[in-house]
Amino acid sequence: MTDGSPDADFIRRHLTGVRRTVLAIVADHGPISVEHIATEWARQHPTISPRHRSALPRMSGQVLWRLENLGWVARQGEQYLLTAEGRRVHDCIAIASE
C-alpha cells in the first residue's frame, strides 16, 4: 500500500463476503445508519431466516466496527460512510467483478 491504495493481498485477506456486503451497502446508500444497513441487507437477501433477520442489526454493528478498524468506513454521529480508502476498496471490488 505504498501509494495509499489498498494492496490486493490485504483486501483479499480482510474482505469477507459479509464485509463486502456491508461495504457495498454503505457505498450505495451512505451516509447510512446501522438500522438502515440491516434493512437493506435483509432486502437484498429475502430468503434469510427470521432468526438471522433479527440478528442483522447486531451483525451490522459488528461488521461496521471491523470496517472502521480497517479504515474503510467512518462514523459521523449515528451514520456511516466510506472513507477515501474504503472507496478505493469498493472500486477495486467493482473492477474485479467486471
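Numbers for the structure displayed
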{"read-out": "Note, ³J(HN,Hα) from phi for the range 78-88, Karplus 6.51, -1.76, 1.60, rounded to Hz, x at Gly and Pro", "value": "9, 10, 10, 9, 6, 7, 4, 5, x, 5, 5"}
{"read-out": "Within a Gaussian network of the chain (alpha carbon springs, distance under 10 Å), most fluctuating of 46, 57, 31", "value": "46"}
{"read-out": "Ellipticity estimate at 222 nm from DSSP helix runs (n ≥ 4, -39,500 (n - 2.57)) divided over the chain, nearest 500", "value": "-21500 deg cm²/dmol"}
{"read-out": "Derived scalar couplings ³J(HN,Hα) [the range 61-66; Karplus, 6.51 cos²θ - 1.76 cosθ + 1.60; whole Hz; x for Gly, Pro]", "value": "x, 5, 5, 4, 4, 5"}
{"read-out": "Amide proton proximity set for residue 80, modelled H, under 5 Å, gap of 5+", "value": "32, 33"}
{"read-out": "Which labelled figure in [x] 39, 33, 19; [y] 44, 31, 19; [z] 40, 27, 21 is Cα extents along the principal axes in Å, once derived from the coordinates", "value": "[y]"}
{"read-out": "In Hz, Karplus ³J(HN,Hα) per residue of the range 37-47 (6.51, -1.76, 1.60; θ = phi - 60°; x = Gly, Pro)", "value": "4, 4, 5, 5, 4, 5, 5, 6, 10, x, 8"}
{"read-out": "Inter-probe distance in nm under a simple model that places probes 7 Å from Cα toward Cβ, at residue 7 and residue 28", "value": "3.1 nm"}
{"read-out": "Highest-fluctuation residue, 45, 14, 36 considered, GNM on the chain with Cα pairs under 10 Å", "value": "45"}
{"read-out": "Among 62, 79, 44: highest mean-square fluctuation, GNM of the chain, C-alpha pairs under 10 Å", "value": "44"}
{"read-out": "Lys, Arg +1 and Asp, Glu -1 on Cβ, resulting dipole of the range 1-83 about Cα centre, debye, nearest 20", "value": "420 debye"}
{"read-out": "Heavy-atom surface of the chain, accessible at 1.4 Å and reported per residue (Å²)", "value": "61 Å²"}
{"read-out": "Nonlocal amide H pairs with residue 73, under 5 Å, H built at 1.01 Å", "value": "68, 83"}
{"read-out": "Mean separation of Cα contacts under 8 Å (6+ apart) over length of the chain, as relative contact order %", "value": "34 percent"}
{"read-out": "Between the range 69-84 and the range 20-45, the Cα center-to-center distance that results, in Å", "value": "13 Å"}
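The values are calculated or read from the model by the stated rules, or taken from the named source; none is laboratory data. Predicted model only: the values in this text are computed from it and were never measured. Counting neighbours? That spans all protein chains shown, and the Cβs are built from the backbone with ideal geometry, glycine included. Note: accessible area is taken over every heavy atom of the protein model, side chains too, but ligands, DNA and RNA are not part of it. Shrake-Rupley method; radii C 1.70, N 1.55, O 1.52, S 1.80 Å.
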